[in-house]
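Derivation of every value follows stated rules applied to the coordinates shown; laboratory data play no part. Being a predicted model, the structure only gives us computed values, none of them experimental. Reconstructed Cβ throughout: ideal geometry from the backbone, glycine too, with neighbour counts over all protein chains shown.
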Amino acid sequence: MPEDASNATERKQERLALLHFGARLLPAIVREPERVRVFPSLAATGLKRLPSMLGSALGRKRVVLATPPEPDPSRRYPPPGAVPDPANPYPGRDPWTWQPGEESYEDRQARFLEICAARDPDGLLGGAARACLQVEGLVSSEIIAKYVNRLDGRLDCADFFAIHMIHALYINERTPFLDTDQATALKQALLRFKYWLDEPGDHDMIFFTENHQVLFHTVEFLAGQLFPAEIFTNNGMTGSWHQARARGPILEWMKRRAKWGYSEWASSEYFAEDLEALVLLAEFSDNAEITEKAMISVDILLLHVACDLFHGYFASTHGRAYEKEILTGWEFDMAPAVKLVWGTGTYGREGVMTALSLAASTRYRPPDAILRLGVEEPATFESHERSGILFADAEQFGLSYDRIGDAPAFWGMGAFTNRPVLDLFVRAADRWSLWNTPFFDVAKDVHQLIPRRGNLGTRFSGFDLEPDRILLDQVNKVTFRTPDYMLSTAQCYHPGGRGNQHHIWQATLSPDAIAFTTNPGSLDYAEWGAEGDTGNFAVGASGASGATIPSRRTPTYWAGQNRFPKAVQHRNLAIILYHVDPRRAIGERAVHPFTHAFFPKWAFNEVEEKDGWVFGRARSGYIALWSAVPAAWENPDDTFCHDLVAKGTCNAWICMLGNEKEHSSFEEFKKDVVLARKTCDLDTLSVSFDVPQLGAVEVAWRSPLRINGHAVTVRGYPRLSNQFCESSFGSGQYRVEDEQASFVLDFDAMTRDTTG
């Protein structure tokens with residue numbers, strides 16, 4: 001790893017950046033008397049800390065640290081239990097199903113209930129599954145206490161626990177499986193809970209990302225419906241009041257997703273959370289509009305997943321990704337739901353609650369056309385999608401940068417400190433007492449010094465803040481797949497900008513034969529989680545020393561991009577250009593001057609390096625990967641060697657995919673690629689490549705993608721468009737059609753015509 005990117009250096013740079021940030025604020029502070037009045041006490045505290053901060057940052061206080069040992073590669077990759085066998089890499093786990101069997105959807109529902117009951121023998125989810133199967137069993141009171149404590153402590157991800165609890169209580173109403181004390185404990189915890197930002201009480205919960213919003217609103221709606229006359233003690237209102245309050249935000253959330261798409265686009269982690277909320281609304285809501293629109297919303301979400309499936313792996317580009325779903329197809333959160341719906345992939349370890357919500361549902365069934373679409377294997381399938389809205393165009397979609405009620409909408413798309421909403425961010429934090437809560441607490445000691453005169457956005461115009469990278473702006477994404485490979489890319493997404501958890505492109509030939517590139521944001525890497533999602537949810541990462549360090553800081557070594565590339569795709573070809581700007585935003589830790597590719601050699605049946613290309617074959621699919629800057633393998637002698645590093649801030653990567661049908665053999669594929677004319681100029685960051693079967697491809701950092709001299713459109717896609725589905729952006733209408741049937745979805749008209 002590059003020596004100048006150690007964790008210690010990152011922390012020093014961060015402290016200096018914070019001092020710089022304070023200097024920028026000072027002129028505005030002195031103009032507001034109320035800020036000046038609190039300045040002496042805060043300044044005194046800061047002055048006490050200043051010598052150690054400056055001494056450490058400027059090198060006056062030198063501490064010689066032993067070089068930490070390089071972590072065992074197995075700690076970073078692969079997941080625990082993996083063996084270097086492409087045909088069976090996780091012996092003992094539910095095997096990967098490449099083709100659906102003869103089971104019906106209803107058969108798979110029953111099968112998953114049995115799986116859930118067995119894997120969670122004394123847990124809440126297992127108990128709910130047994131109740132659905134009419135099988136007796138006991139739920140551990142210790143596990144009930146864990147759920148109650150999570151809600152009472154108002155800890156991060158408490159809503160993930162709350163959705164389990166509300167589901168269990170509704171199942172318990174149908175078929176009792178909780179004893180009286182357990183049901184009462186869950187009920188009382190829900191009555192004490194804080195359901196939204198404007199309610200009183202301290203908390204350590206994140207309300208405002210896209211998935212958290214629908215989870216909080218769903219739990220509030222269903223809890224209010226279940227206990228209509230009870231007093232919810234946190235704000236003294238009845239359950240009926242809470243149900244009525246949550247109804248409007250739920251409908252608005254669903255409408256925006258239906259018409260605009262998801263800001264957390266194609267996120268396996270968070271599509272799983274969205275899906276379980278929507279399925280529970282469809283199953284348990286007593287409000288006809290909520291029920292019908294929730295069913296349509298589930299259809300739309302599953303339709304998106306179906307278009308990005310590769311034999312059961314949701315292998316798309318993702319708006320928000322974690323290592324566990326991009327380094328392998330065996331660990332992604334949507335895996336159990338995918339196998340339940342389509343019969344391919346694996347029931348996995350994560351996403352148990354999402355699949356359980358579908359398995360236990362008596363009202364919702366996916367339309368047959370969606371079931372077929374997820375397993376269709378045409379010779380080629382190409383899908384274009386536009387998801388989310390442009391932050392700069394928010395006012396055209398009815399949002400206001402100044403309206404306090406629109407703050408959650410902006411936060412749902414990751415816009416917190418971006419200049420137009422910076423003042424709104426401060427006002428909302430004041431209004432809802434958020435300065436001691438996650439994300440906001442970075443300013444908890446100094447927030448009283450932040451000017452409130454409505455000019456922060458102007459004052460910081462031209463300066464980048466570290467949190468700006470969280471923005472999830474509109475994406476135009478393309479997915480191209482054959483029976484042997486899939487390629488998916490976020491087209492030309494903010495080239496050179498600062499990224500977060502954005503997973504920009506991925507090539508997939510099997511659940512483990514995967515390739516993508518990043519400019520890493522840190523040398524930290526996430527730990528692999530424990531079995532399933534029936535235990536604690538935690539946020540954390542591991543440093544190079546191997547010690548676990550609590551961290552919400554992303555991007556990490558593999559997940560996300562510190563600086564976005566200019567990535568473009570045409571059918572089976574992707575070109576990824578990097579121009580890494582070394583200038584740091586205020587508060588940014590470090591910029592790492594290298595790019596690297598994930599390419600797990602062990603997962604391919606054959607790997608060969610020739611003329612600067614790395615070739616791989618997995619089953620009947622082929623891949624070729626090339627770096628303009630000569631790249632070297634990290635840990636080349638390791639069994640699970642997977643990290644191909646290219647030093648430097650400018651680079652061009654080319655990825656081309658093929659198969660036996662297109663090239664007759666792996667040998668012919670390699671020959672076609674090597675002999676194709678290719679030029680690259682790193683000064684202008686331009687690439688030209690005579691691609692076999694595609695023609696002359698040209699792209700540059702400042703020039704569009706051209707195929708045979710014609711510019712290719714990479715923006716302004718429809719909401720969804722492929723040979724099976726059409727939807728215009730903003731319409732909320734979807735038509736799906738194959739050789740056997742068609743159906744129409746219309747969100748506003750509440751039409752779910754699946755009879756065609």
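Using a Förster radius of 41 Å, what is the FRET efficiency between L682 and E737 based on their Cβ-Cβ separation? Nearest 0.05, please.
The value I calculate is 0.30.
All distinct Cα pairs of region 551-699 go into the 1/r average, and the inverse of that average, the Kirkwood radius, is 16.5 Å. Hey, what D do you get for the chain in µm²/s if you plug the Kirkwood alpha-carbon radius into Stokes-Einstein at 4 °C and 1.567 mPa s? The diffusion coefficient I find is 48 µm²/s. Summary of the geometry: region 264-294 and region 322-343, compared by the centres of their Cα atoms, lie 18 Å apart.
Subtracting the Cα-Cα distance of T238 and E606 from their residue separation scaled by 0.36 nm leaves 126.1 nm. Ordering F397, I623, Y77 by Cα displacement along the dipole of the chain toward the positive end leaves F397 in first place; charges were set at the Cβ atoms of Lys, Arg (+1) and Asp, Glu (-1).
In the chain, a dipole from Cβ-located charges (positive for Lys and Arg, negative for Asp and Glu) runs towards its positive end, and of L682, A749, M205 it is L682 whose Cα lies farthest in that direction.
Each of A515, V607, G345 was placed along the dipole of the chain (beta-carbon charges, centred on the mean Cα), and the one lying farthest toward the positive end is A515. How far is the Cα center of region 114-141 from the Cα center of region 589-612, in Å? Distance between centres, Cα-based: 43 Å.
Taking the square roots of five times each eigenvalue of the Cα gyration tensor of region 97-376, the equivalent ellipsoid has semi-axes of 29, 22, 17 Å, listed largest first. Quick one: 3J(HN,Hα) in Hz for region 196-209, Karplus 6.51/-1.76/1.60 with θ = phi - 60°, rounded, Gly and Pro as x. Result, rounded to whole Hz: 7, 4, 7, 7, x, x, 6, 6, 10, 9, 9, 8, 9, 6. Taking the square roots of 5 times each eigenvalue of the Cα gyration tensor of region 124-173, largest first, gives ellipsoid semi-axes of 22, 11, 7 Å.
Note: relative contact order over the chain, using C-alpha pairs below 8 Å and six or more positions apart, is 13 percent. Rounded to the nearest 20, the size of the Cβ-charge dipole of the chain about its Cα centre is 3080 debye, with Lys and Arg at +1 and Asp and Glu at -1.
Once backbone amide H atoms are built at 1.01 Å from N, L705 has V712 as its partners under 5 Å, excluding neighbours fewer than 5 places away on the same chain. For region 668-756, the C-alpha radius of gyration sits at 1.68 times the compact-globule guess of 2.2 N^0.38 Å, with N the residue count.
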